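Every number here is computed from the coordinates shown, using simple stated rules; none is lab data. Treat the numbers as computed from the prediction; the structure is a model and nothing was measured. Virtual Cβ from ideal backbone geometry, glycine too; neighbours counted across all protein chains shown.
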Amino acid sequence: MGPIGFGVTGMIPRGTVWISPGNQTVGEVEELAIPLMNSAYNLARWLVRNDSDAEDLVQETYLKALRNFHSFQSGTDFRAWMYRILRNTFLTSLTGLRAAATVPLDSEEDGPELAVENETPETLLMKCLDFERVQQAIGDLPVHYRETLLLCDMEEMSYRQIAEILSIPVGTVMSRLARARKLTRQFLRSTPVTYPAVSLSRPA
């Protein structure tokens with residue numbers, strides 16, 4: 001998954017009027033937002049599972065961030081603020097609405113301490129050395145488990161940051177994370193490893 005081929009200012013359609021109070025400028029937004037572009041795209045790609053839709057999602061996210069930068073409180077976590085916009089934008093899309101409709105009604109509050117464990121998708125990847133299987137395992141997770149797993153194990157965000165982004169209690173973050181890791185492990189253990197064919201014949 002490569003970087004997106006456009007900058008923050010390039011995302012603003014010609015003719016768009018963006019009013020920024022005080023001394024806030026597009027340049028200030030770029031300084032904060034550009035370093036997040038690749039990780040925002042990667043998160044979007046995991047959510048929508050399509051390159052073109054991921055670019056559209058990030059573009060809309062950055063447009064909303066520019067238009068609403070006045071609501072960002074200086075000194076707070078800008079990455080969490082951006083990811084919250086990205087997630088909310090995803091959930092209001094057709095893809096996000098379909099994904100949200102599949103969220104099960106089972107309780108997520110039992111055993112949140114199970115989230116603290118040694119096996120994560122990264123350690124599993126090192127063990128099986130098969131990125132495609134790990135990618136498929138994560139991609140097949142329900143979106144509410146997938147986003148929690150990605151924010152924690154890929155983006156290395158704290159439970160509190162994830163709770164803020166997803167607008168859920170910290171206990172629910174831990175429970176979803178535990179279930180996401182469990183489902184990932186189950187998939188990897190139940191899916192046979194396929195190795196490329198190796199010819200044992202000597203070259204002529």
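Once fully extended, how much extra length lies between ARG67 and VAL170, figured as 0.36 nm per residue of separation less the alpha-carbon to alpha-carbon distance?
Length gained between ARG67 and VAL170: 34.1 nm.
Taking 35 Å as R0, compute the FRET efficiency from the Cβ-Cβ separation of ARG160 and GLU31 and round it to 0.05.
0.90
According to a simple spin-label model (label point 7 Å from Cα along Cα-to-Cβ), what is the distance in nm between ASP140 and SER190?
In this crude spin-label approximation the distance works out to 0.7 nm.
I need the peptides 151-160, 168-177 ranked by packing, meaning the mean over residues of other C-beta atoms within 10 angstrom, with the highest value on top.
Peptide ranking by packing, descending: 168-177, 151-160.
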